[in-house]
2 protein chains.
Amino acid sequence: MRRRSRPIPAPPEAPAEAVGRAARIEDVARLAGVSTATVSRALSAPERVSPAARARVMEAVAQTGYQPNQAARSLRLQKSRMVLVVLPDVSNIFFSKILQGIEDVLFEAGYGMIIGNLDGSPDKEAHFATFLATGHVDGAILLNGHLIGQGRDGRGAPAPTHVPLVALCEAIPGAGIPLVEVDNRAAARAATLHLAERGRRRIAHLTGPAGNVLERERRAGYREGLAQAGLPFDPDLVVEGDYTLAAGAGAADGFLRRAPRPDAVFCSNDEMAIGLMGALASAGVDVPGDVSVVGFDDIEFAAMARPTLTTVHQPRRELGRTGARILLDRLAGRPAPASVVLGTRLVERMSVASKGG
Amino acid sequence: MRRRSRPIPAPPEAPAEAVGRAARIEDVARLAGVSTATVSRALSAPERVSPAARARVMEAVAQTGYQPNQAARSLRLQKSRMVLVVLPDVSNIFFSKILQGIEDVLFEAGYGMIIGNLDGSPDKEAHFATFLATGHVDGAILLNGHLIGQGRDGRGAPAPTHVPLVALCEAIPGAGIPLVEVDNRAAARAATLHLAERGRRRIAHLTGPAGNVLERERRAGYREGLAQAGLPFDPDLVVEGDYTLAAGAGAADGFLRRAPRPDAVFCSNDEMAIGLMGALASAGVDVPGDVSVVGFDDIEFAAMARPTLTTVHQPRRELGRTGARILLDRLAGRPAPASVVLGTRLVERMSVASKGG
DNA sequence: ACGGGCGATGTAAACGATTACAGAAACAGT
DNA sequence: ACTGTTTCTGTAATCGTTTACATCGCCCGT
């Protein structure tokens, strides 16, 4: 193996910097002929440094490609500029849109976003609960209450030391942390009333999991709507689902076997509503004629289902944005509202039809 | 406002620990009557510490509720046990399912997941590119090539120092990093052939964005499929979309105006396929009779659309899992394959019908 | 009795930033 | 010339771990 006869010029893409380790603040200081203190100041408070020194530092920074090490900063400053977002399921289109809103404003403020995907696993709940306490993140947004308060063991981990928290979409009773949500009860009432106003008399309710705080509100709203329309409440018409397409599809049979058969179903989310409509169609039932359906959330597919789905619109992205803003306020020590309620509206499409007189 | 007459007992939930700061390793050491070195060893390598000391340390840890500070660990160990996942859009159901797979195995291995949501913003691309270089994370998974290589400025940021990377779903030409993907070309060919075998003769293609590496493969597969079926390639039947429901719906008109009208459309994702079917139905076109439709991805809603959507199934969660595993291998210095191709399969549903003789 | 080996422990030096404090230099006002 | 003020800079402590190295017993074989 012969040596090359001529020295090879250094590759142009690596400017001055040695092949080895990333540049440290000390390298920059040496190169600029100043102390590390001056480098640090030149970067974080340029006005406290003479123009000459500042220029030399900037030059040295450019040459070395220096980027402050984040672990060191975190340690020294006792904050990480990271936020943990805890949610039941990233792959759920409802949450992931909220995630997008959170990311929007977190990024704007220079914060990074760590995902805690609970996935129904108590292990994960425990993990992320301690995660909060270990200085990994400056704050957290909780999309359900499992982490603190209402774990399956009845108690869950104790509220972590002093990390600011914000609850999003679902209240965490007794946790005493700010909450951003929609008025689920009012929305459910409006949806139920809407069906009643279209002449529907046997209005069923396909709910989410029973333990759910937010679901309690919706059930209450459903009953209020019935009452307001002068319709009797029939517990037999309330069926519990788990927010999945499959749950919706699976519920169809049950509803059809009820006697008398319901002429409308209010579903606690759009997935179940779409799953239900699909199964009803397959069973030869006319939607919306025989059975009208209302969903909840207004996910993108609601407008694409056949028939298009009448549903309660939730401002998902805005929910995320608002939650993140409140958390940032608390992180910055600014005053923040204890609770925010965002508006919903009923989006009328083709899955509800008028009936009778 | 009257003072309470009796002192209140300390709340029972705070065991021994002072109200102030979180416990440091030194607190534990003092309490256990050992040095900090022993505490550290007791926790990370118990067998190197005498049973007696170990017991005292554990007791002290329990009493103080000590959790090692992560910033300090990261700094000392030069690793963060965090992985950055960069993707175009968290709220997209295609990516978020992959995210779930990634999270599965990352969590299992004790790694946390930071999300870099590009959202089409060059700012964000730049941000996350430097993010990689600042010791925030030990490695990254890239769901598109924008971060390195093919940014809009033609170059993007230089490949970051030495952070292990893995590309997922979309190759990053020239980056020389492991890639996990499906055989997009073969899958597109199979989809096109499937339509041809059902007697479809004017098969259109609703594609993703043109710059897309993966999209080039699908277009190539589409043309191969046509060729294999003995059908002519007509550039007029290739329409570019952007993977959204709206793009699918918007493309319907164009297809219907073509003369002769196409009798099938192969769509590069399910959202566009569903949007297209919706708009076709609204225009009074019979799907699958007049126009058959095939999608790509097999998202959950594919089975719930009317008609149910025939589509190419991608193992999204498994893609995520595999990508994460390879990254972990590289992080651990284990040998890792340079590239993995996962299988797809065509899921036949109701959006394709046979035609003619 | 002595040296070697071994296991358990402690001391102190990293890791890479920020910043309190103090010193130096420059300048102005008397 | 002296003092006080202002502006800039450097020294060194600090954040909370981990771990190389040194030390200290202790046991064992000769």
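Annotations for the structure displayed:
- Residue in region A:48-65 that is of a type in the set (Lys, Arg) and at pLDDT below 90 present: no
- Here is the figure for region A:65-78: residues that are within 12 Å of DNA strand D (Cβ to nearest atom) and surrounded by 13 or more Cβ atoms within 10 Å (Cβ to Cβ) total 6.
- Scoring A:Glu170 on the criteria (1) within 14 Å of A:Phe266 (Cα to Cα); (2) assigned to a loop (DSSP other than H, G, I, E, B); (3) among the acidic types (Asp, Glu) leaves a single failure, condition (1).
- Hey, B:Ser50 in contact (Cβ under 8 Å) with a residue 24 or more places away in the chain and small (Gly, Ala, Ser) or not: no
- Residue match in region B:214-225 (condition: within 14 Å of chain A (Cβ to nearest Cβ), in a helix (DSSP H, G or I) and surrounded by 19 or more Cβ atoms within 10 Å (Cβ to Cβ)): no
- The listed residue being surrounded by fewer than 23 Cβ atoms within 10 Å (Cβ to Cβ), within 16 Å of DNA strand D (Cβ to nearest atom) and of a type in the set (A, V, I, L, M, F, W, C), out of A:Ala62, A:Ala45, A:Ala129, A:Ala109: A:Ala45
- Selection within region A:298-309 - within 15 Å of A:Glu348 (Cβ to Cβ) and not in a helix (DSSP H, G or I): A:Asp298, A:Ala305, A:Pro307, A:Thr308, A:Leu309
- Screening B:Ala37, B:Ala52, B:Ala45, B:Ala72 for residues that are among the hydrophobic types (A, V, I, L, M, F, W, C), on the phi < 0 side of the Ramachandran plot and in contact with a Leu (Cβ under 6 Å, 6 or more places away or on another chain) leaves exactly one candidate, B:Ala72.
- Selection status of B:Val61, touching a helix residue (DSSP H, G or I) at 6+ places or on another chain (Cβ under 7 Å), more than 9 Å from DNA strand C (Cβ to nearest atom) and under 30 Å from B:Ile326 (Cβ atoms): no
- Of all residues making up region A:111-134, the number that are more than 9 Å from chain B (Cβ to nearest Cβ) and outside any helix (DSSP H, G or I): 3
- Filter result for B:Ser40 (near DNA strand D (Cβ under 9 Å from one of its atoms), surrounded by fewer than 16 Cβ atoms within 10 Å (Cβ to Cβ), under 41 Å from the mean Cα position of the chain (by Cα) and not hydrophobic (A, V, I, L, M, F, W, C)): no
- Where a residue in region A:68-96 is closer than 21 Å to A:Glu125 by Cβ and more than 8 Å from every other protein chain (Cβ to nearest Cβ) and its partner, wherever it lies, is assigned to a loop (DSSP other than H, G, I, E, B) and charged (D, E, K, R), with Cβ under 8 Å and at least six apart: A:Val83/A:Asp138; A:Pro88/A:Asp119; A:Phe95/A:Asp89
- For region B:317-350, the set of residues classified as within 21 Å of the chain's Cα centre (by Cα) and of a type in the set (D, E, K, R) consists of B:Arg317, B:Glu318, B:Arg321, B:Arg325, B:Asp329, B:Arg330, B:Arg345, listed by residue number.
- Being closer than 23 Å to B:Ser96 by Cα and either surrounded by fewer than 24 Cβ atoms within 10 Å (Cβ to Cβ) or within 13 Å of chain A (Cβ to nearest Cβ) (or both) is not true of B:Glu240.
- Residue check for B:Thr310: surrounded by 16 or more Cβ atoms within 10 Å (Cβ to Cβ), away from every other protein chain (no Cβ under 14 Å), hydroxyl-bearing (Ser, Thr, Tyr) and in contact with a His (Cβ under 9 Å, 6 or more places away or on another chain): yes
- Among the residues here, A:Ser44 qualifies as of a type outside the set (A, V, I, L, M, F, W, C), without any contact (Cβ under 8 Å) to a residue 40 or more places away in the chain and within 11 Å of DNA strand C (Cβ to nearest atom).
- Boolean, B:Arg334 is within 14 Å of another protein chain (Cβ to nearest Cβ) and either modelled with pLDDT of 95 or more or over 25 Å from A:Thr308 (Cβ atoms) (or both): no
- Verdict on B:Val137 being away from DNA strand C (no atom under 12 Å from the Cβ), in a strand (DSSP E or B) and either within 12 Å of another protein chain (Cβ to nearest Cβ) or of a type in the set (Asp, Glu) (or both): no
- Condition broken by A:Leu87, with the remaining ones in (1) surrounded by fewer than 23 Cβ atoms within 10 Å (Cβ to Cβ); (2) within 18 Å of A:His146 (Cα to Cα); (3) touching a Gly at 6+ places or on another chain (Cβ under 9 Å) satisfied: (1)
- Number of residues in region A:256-306 that are of a type in the set (Phe, Trp, Tyr) and either within 11 Å of another protein chain (Cβ to nearest Cβ) or more than 20 Å from A:Tyr222 (Cα to Cα) (or both): the value is 1.
- Matching residues in region B:112-139 - criterion: being touching a His at 6+ places or on another chain (Cβ under 8 Å) and without any contact (Cβ under 8 Å) to a residue 12 or more places away in the chain: none
The values are calculated or read from the model by the stated rules, or taken from the named source; none is laboratory data. Just so it is clear, the structure is predicted and the values come from calculations on it, not from any experiment. Every residue, glycine as well, gets a Cβ built from its backbone with ideal geometry; the counts of neighbours run over all protein chains shown.
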